[in-house]
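Below: one structure, written as structure tokens.
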Amino acid sequence: MAVAESSPLTTHVMNTSDGVPGAKMALSLHRLDTRLMIWSMISVGTTNEDGYCPGLISREAFIPGMYKLRFETGSYWEGLGKTSFYPYVEIVFTIHYPAERFHLPLLMSSFSYSTCRGN
């Protein structure tokens, strides 16, 4: 993973069923290659005990384009001894101004999820 202090993109996960951070969830960041129309993996990470995964990409690598964050929600819930309707969650978003900072939280239960753009 990139160094957290220089990352223009951060995320965190909240387990709203239990009212706790979504700790130890695997996730990955991808960018769409518009020429080939395929996703290229940029980095992988795991949320910390507070549900944050701050160092996903360096400022230099963060260029305009379409990105997705993939959260491995099924594995997370399985690790808690629960089932989940969603085996994974993908948040697809477009970056027009990479000089800005972006925060993409994921609020989830085993049967629902929501997100928004923060900064």
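The values are calculated or read from the model by the stated rules, or taken from the named source; none is laboratory data. Just so you know, these numbers come straight off a predicted model, no measurement behind them. Cβ placement follows ideal geometry from the backbone for every residue including glycine, while neighbour counts extend to all protein chains displayed. Each accessible area value is taken on the protein alone, full model and side chains, heavy atoms only, with ligands, DNA and RNA left out. Shrake-Rupley method; radii C 1.70, N 1.55, O 1.52, S 1.80 Å.
Brief remarks on what is shown
- Evaluated against (1) open to solvent by less than 10 Å² (accessible area, probe 1.4 Å); (2) in contact with a Gly (Cβ under 7 Å, 6 or more places away or on another chain); (3) not aliphatic (A, V, I, L, M), Thr11 falls short on exactly one condition, (2).
- Within the stretch 41-97, the set of residues being touching a Gly at 6+ places or on another chain (Cβ under 8 Å), assigned to a strand (DSSP E or B) and without any contact (Cβ under 8 Å) to a residue 40 or more places away in the chain comprises Thr94, Ile95.
- Flag if Gly55 is surrounded by 15 or more Cβ atoms within 10 Å (Cβ to Cβ), farther than 18 Å from Cys116 by Cβ and touching a Leu at 6+ places or on another chain (Cβ under 6 Å): no
- Enumeration of residues in the stretch 76-89 that are open to solvent by 80 Å² or more (accessible area, probe 1.4 Å) and either among the hydroxyl-bearing types (Ser, Thr, Tyr) or under 17 Å from Thr16 (Cβ atoms) (or both): Leu80, Lys82, Thr83, Phe85, Tyr88
- Near pairs, Cβ below 9 angstrom, 6+ apart or cross-chain, from the stretch 19-30 (without any contact (Cβ under 8 Å) to a residue 40 or more places away in the chain) to any residue that is open to solvent by 10 Å² or more (accessible area, probe 1.4 Å) and hydroxyl-bearing (Ser, Thr, Tyr): Pro21/Tyr52; Ala23/Thr46; Ala23/Tyr76
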